[in-house]
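Remarks on the structure that follows.
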Amino acid sequence: MGALEQGHYMDELEENDVELESDSEPEPELESDKEVKEAVRVLLEGIGEDCEREGLKRTPHRVAKAFREGTRGYNQKARDIVKGALFPEAGLVHINGHTGAACGMVLVNDLDLFSYCESCLLPFAIRCHVSYLPSSNRVVGLSKLSRVSDVFAKRLQNPQKLAKEVCAALDASIKPAGVAVVLQCSHVPFPETFVSSSDWNQVCSSARLGALEEDHAQWNDFLALLKLKGVNGIECSNTLQNWCPSLKNTVNGKNMGNNKSYSSMVSAVVSIIRAIGEDPSRKELVSTPYRYVQWLMRFKTSKTPEFKSILNLNANAEELKKEAIMTNGHGSKICYELSLPFCSQCEHHLIPFYGSVHIGWFGNAERCIDRAHLLALVQFYACKLQVQERMTRQIAESIHAWCDKGVAVVVEANHICMISRGIEKVRSSSATISVLGKFATDPVARASFLQSIPKCTG
């Protein structure tokens, strides 16, 4: 990692003919991308970052690209997608189904989508289930149900509005006897309330038209098919109260103060909203710039504290409870604390990543560390613009500076920037490890610590 910190990493790539992120023939830059890039530089400077440091040089470009990809739905129309994908399926006239079609209900379930929350501009996850009742002896290509849903997901949204827009678009373009959309949505919590992935804000929203709205039996059939596919517990709500964590606190220009940095950051977010094709004066978006700035300020740069200011070194060892203490073949004690939750912000795309940290160290009565202090240390390094590899190393080095016998740190994380954009690898995760001191030289101790993680975390 030393080469990376000293800014030599890109030079090493060039020397070894490794393809860099920037192509030799870059695509023409859109005017909207230029506006977003300039706004991102203002935001980075507002939280005390250096836009020229390694790791942030291309962040404005990456963020502009992410917003362009994540809001491309503003330039797409559902009718254009469905056109040409309607196929005749008449069947036998005397055995037509309930809705006058050759078949009954059609269901496509478990469509994994992502959208940008219109309240705070953070991505939220969607599991989408779509059903329709064919009419006029025609059916639509199944992939179009997913593509139409994605058109409206790729806009600034909230769950209920998204369900209604997808439902209305399918009704207008397919002209079915009935259509229903159910969305199971999850919004990442803010760092100060994050405990585990189960703490994500969950809401289920739905929209129905035609026979699926008017005929209760048809709706029950839809729910039964979902249950058959393993989708249970569908309890849809039309209220979005506290759906987004930022909605719990009312924000506006008055309670942000007269800080010029805040004002410039808010103006920068307004320009981003306008650049992606939205109206910043729309009622639902008026407070969004303030909320997004408040989110970013949680990751404002701060000086690294001395480890002694975080750990209570004079604490009575008998009062410090450990998750576990193991003894390896050499009789040395390995202490560990597992599943320390964190939520951080990817410095490459300004999108959250979250997960758990597992820490092991060689300890004794004089070198006991309680869970609360380790959690404080993890949160300190998480609450800034980060990359997972660096955070893993920083936590390990901080503990090793105080307990130099040996430290092992494992970080397991889900990166929303990896699953909500680009390759969109849903349910993917990553793990990084840093070992120092005795853990680096003793494979038995290292194996003991690593094997303890699945046993205690399940």
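The values are calculated or read from the model by the stated rules, or taken from the named source; none is laboratory data. Owing to the predicted nature of the structure, the values given are computational and were not obtained by experimental measurement. Cβ placement follows ideal geometry from the backbone for every residue including glycine, while neighbour counts extend to all protein chains displayed. Heavy atoms of the whole protein, side chains included, go into the accessibility calculation; ligands, DNA and RNA do not. Shrake-Rupley method; radii C 1.70, N 1.55, O 1.52, S 1.80 Å.
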Practice problem: Name the residue, out of Phe353, Phe449, that is modelled with pLDDT under 95, surrounded by 18 or more Cβ atoms within 10 Å (Cβ to Cβ) and not in a helix (DSSP H, G or I). | Solution: Phe353
Exercise. Sort through Val151, Val106 and tell me the only one that's modelled with pLDDT of 95 or more and among the aliphatic types (A, V, I, L, M).
Key: Val151
Exercise. Would you please list the contacts, defined by Cβ atoms under 8 Å and residues six or more apart or on different chains, that run from a residue in segment 395-419 that is outside the structural domain of Ile351 (by TED's automatic domain parsing) to a residue that is open to solvent by less than 10 Å² (accessible area, probe 1.4 Å) and modelled with pLDDT of 95 or more?
Key: none
Quiz prompt | Every residue from segment 367-390 that is touching a residue at least 40 places away in the same chain (Cβ under 8 Å), within 19 Å of Met297 (Cβ to Cβ) and in contact with a helix residue (DSSP H, G or I) (Cβ under 6 Å, 6 or more places away or on another chain) | solution = Cys383
Quiz item: Considering Glu213, Glu192, which residue is at pLDDT 90 or above, out of contact with any Leu (no Cβ under 7 Å at 6 or more places or on another chain) and either more than 27 Å from Asp80 (Cα to Cα) or of a type outside the set (S, T, N, Q) (or both)?
Solution: Glu213
Self-check item: Subset of segment 56-75 [within 15 Å of Leu43 (Cα to Cα), open to solvent by 60 Å² or more (accessible area, probe 1.4 Å) and either among the aliphatic types (A, V, I, L, M) or in a helix (DSSP H, G or I) (or both)]
Solution: His61
Quiz item: Of all the residues that make up segment 169-189, how many are within 22 Å of Pro88 (Cα to Cα) and not in a strand (DSSP E or B)?
Solution: 9
Quiz item: Mind checking which residues of segment 381-393 are touching a strand residue (DSSP E or B) at 6+ places or on another chain (Cβ under 9 Å) and either within 15 Å of Phe353 (Cβ to Cβ) or at pLDDT below 95 (or both)?
Solution: Tyr381, Ala382, Cys383, Lys384, Leu385, Gln386, Val387, Gln388, Glu389, Met391, Thr392
Quiz item: Quick one: in segment 269-283, which of the residues that are among the basic types (Lys, Arg) and in a helix (DSSP H, G or I) is surrounded by the fewest Cβ atoms within 10 Å (Cβ to Cβ)?
Solution: Lys283
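Here is a yes/no grid of residues against (1) open to solvent by 40 Å² or more (accessible area, probe 1.4 Å); (2) charged (D, E, K, R); (3) touching a residue at least 24 places away in the same chain (Cβ under 8 Å):
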residue	(1), (2), (3)
Val106	no, no, yes
Ser119	no, no, yes
Phe124	no, no, yes
Ser131	no, no, yes
Arg138	yes, yes, yes
Leu142	yes, no, yes
Leu145	no, no, yes
Quiz item: Within segment 395-412, is there a residue that is touching a helix residue (DSSP H, G or I) at 6+ places or on another chain (Cβ under 6 Å), aromatic (Phe, Trp, Tyr) and part of a helix (DSSP H, G or I)?
Solution: no
Quiz prompt | All positions within segment 207-221 that are open to solvent by less than 30 Å² (accessible area, probe 1.4 Å) and over 17 Å from Lys164 (Cβ atoms) | solution = Ala211, Gln218
Exercise. Quick one: count up the residues across segment 121-139 that are within 30 Å of Ala64 (Cα to Cα) and among the small types (Gly, Ala, Ser).
Key: 1
